[in-house]
Structures are given as C-alpha cells and as structure tokens.
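Some notes on the structure that comes next.
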Amino acid sequence: MNEALELLLKRRSVKAIDMIEPGPSDEELNTIIRCGIRVPDHGKLGPWRILRFAGDRRRAFGAVLVAAWQAAHPADPPARAELERGRLERAPVVLAVISRITPEHKIPEWEQELSAGAVCQNLLVAAHAMGYRAQWLTEWFAYDRTVAQALGLGPHERLAGWIHIGSSAAEPPDRPRPDFADVVRDWEP
Ligand SMILES: Cc1cc2nc3c(=O)[nH]c(=O)nc-3n(C[C@H](O)[C@H](O)[C@H](O)COP(=O)(O)O)c2cc1C
C-alpha cells in the first residue's frame, strides 16, 4: 500500500510519559512545523500560531507551571506544585499550538478553531512520518489563566494543544478504534 496511506491507517500516539530522546533536529522540526501550518484555512486568516519548547526552555517554563498550579490550588503543599515543573520535559520537543481567531469575521469562529485542530493533527502526522512519536495533549495547563498570561495569549487566543514529539523504546499497542459501521452511514433521503 502507498506509504502515506499506511501511515495514516497505522499512526497512533505514544504517551508523553513514555517518550525518550531523540527528538527532531532543528531542521526536522522546521519541516514538521511547515507541514503543520499547511492546513485548510478558510479565508486565509492564519488563525493559529506555534510556540516552540525545546532544550532548556522546557525546564524554564516549569517555573510558570509551578506558579500556576500554586495559584489555582493554594491549599496544596509546595511539593505537589513542584511535580508540575517537569511536565514539558517528558518529551524532547513540545509545541504549543495556539488558536488565534478573528472575531466577528465572515468566516465563523468555529471554522477558524477547526483549522487550529488541523494544525495539531498535521504536526502529529508529520512527526510520525519522520519516524518520531507524538501526542496531542491539553491537560490542565491548556486551560489555566496564569499559564495563558505567561504565554502572552491575547483575548482571542487559546491553547489548541501541547504537541509532544520524541521517540519511544517500544512500539505502542493500538487502542480500540471506532467501528467503521457505527460512525459511517450512507445518507438516507
Ligand atoms: C484536543 C485533544 C486533547 C487531548 N488531551 C489529552 C490529555 O490532556 N490527556 C490525555 O491523556 N490525552 C489527551 N488526548 C488524547 C491523546 O492525544 C490521544 O488521542 C490518545 O492518546 C490516543 O491517540 P491516538 O488515537 O493518536 O493513538 C487529547 C486529544 C485531543 C484531540
């Protein structure tokens, strides 16, 4: 079968926690990102942007995560918040995909947001095609106000996903997939 189709039929995520080095080189990452931003985009609004976290930046961002956890859970002991510091270090590279909509535009907001989802999926597929593993996560820190502020998100921006990219020691087992017949039907007039 054609390689692209095989990849789409077999691709599956590897949990960030199971990721190991190596991650993509700078050049490889640029290619993955170029694939990511080549997505359908009604109205050519470019309703997304990407922040890269690799190397020391992942650890540095840990301070933001610890502070955000503390702010959201003031009763928690500091040791609990401290657990969040290494969150971005589970994978060699993490990309924050930010949905950036133009409000009150003739292109509905929903369509602009869907385009950001397409960016996330293209990143996963491109990383996989290059032989890396990837996972699309949101977790608590896609929805946290302190984190959003630290990322400099504007009023019409929000996190679509934290795309984790790396390698893994083992082939991940597949998960149950939807039954084709349950989700696909011919339209009946
Ligand atoms: C928008 C979005 C957010 C997600 N957030 C999480 C998350 O926070 N935690 C998690 O365990 N899985 C999350 N997932 C699920 C995983 O990315 C992934 O779908 C799952 O591990 C199975 O992956 P596969 O179908 O690519 O093999 C999310 C998926 C999507 C589409």
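Computed from the coordinates by the stated procedures, all read-outs in this text should not be read as laboratory data. Quick caveat, the model's predicted, so the values are computed rather than measured. Every residue, glycine among them, receives a Cβ derived from its backbone with ideal geometry; neighbour counts consider all protein chains shown.
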_Just to be sure I understand the model, the point goes 7 Å from the Cα along the line to the Cβ. What's the resulting Leu45 to Ala150 distance in nm?_
2.9 nm
_Paramagnetic label zone (point 7 Å from Cα along Cα-to-C-beta, Asp76; backbone N under 20 Å) in segment 40-68_ = 58-68
*asked:* Whole angstrom only: what separates the Cα centroid of segment 81-106 from the Cα centroid of segment 125-154?
replied: 3 Å
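Helix by helix, which DSSP H runs in the chain go 18 Å or more along their axis at the Cα atoms and have an average Kyte-Doolittle hydropathy of -1.0 or more? Don't skip to the answer; put the middle values down first.
Details: long enough: 56-72 (25 Å, 0.24); 109-129 (30 Å, 0.24).
Long hydrophobic helices here: 56-72, 109-129.
Would you please classify the overall shape of the chain from the alpha carbon gyration tensor, given that a ≥ b ≥ c denote the square roots of the eigenvalues, rounded means a/c under 1.5, and beyond that prolate means a/b larger than b/c while oblate covers the rest? Don't skip to the end; give the middle numbers.
Working: a/c = 1.64, a/b = 1.22, b/c = 1.34.
Note, shape of the chain comes out oblate.
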*asked:* What are the equivalent ellipsoid semi-axes of segment 119-189, built from the alpha-carbon gyration tensor (square roots of five times its eigenvalues), in whole angstrom, biggest first?
replied: 29, 22, 12
*For segment 1-148, what relative contact order do you get, as a whole percent, if you take Cα pairs closer than 8 Å and at least 6 residues apart?*
38 percent
_Highest mean first, how do 137-143, 3-9 rank when packing is the count of other Cβ atoms within 10 Å averaged over residues?_
137-143, 3-9
*Run the quick spin-label model on Tyr143 and Arg38: label points 7 Å from Cα toward the beta carbon, then report their separation in nm to one decimal.*
3.5 nm
*For Ala160, enumerate residues with amide H under 5 Å from its amide H, sequence gap 5+ or separate chain, H modeled in the peptide plane.*
Val97, Ile98, Ser99
*Can you tell me the order of 124-136, 80-92, 173-185, 34-46 when each peptide is scored by its average per-residue count of other Cβ atoms within 10 angstrom, highest first?*
124-136, 80-92, 34-46, 173-185
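Quick check on the chain: helices-only [θ] at 222 nm, where DSSP H runs of length 4 and up contribute -39,500 (n - 2.57) each and the sum goes over total residues. Nearest 500, please. Write down the numbers at each step before the final one.
Details: 7 runs with 73 residues, N = 189.
Only helices count here, giving -11500 deg cm²/dmol.
May I ask you to derive the FRET efficiency for Leu83 and Trp187 from their Cβ-Cβ distance with R0 = 35 Å, giving the value to the nearest 0.05?
After rounding to 0.05, the efficiency reads 0.10.
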*With each pseudo-label sitting 7 Å past Cα toward Cβ, what's the Phe180-Asn30 distance in nm, one decimal?*
4.1 nm
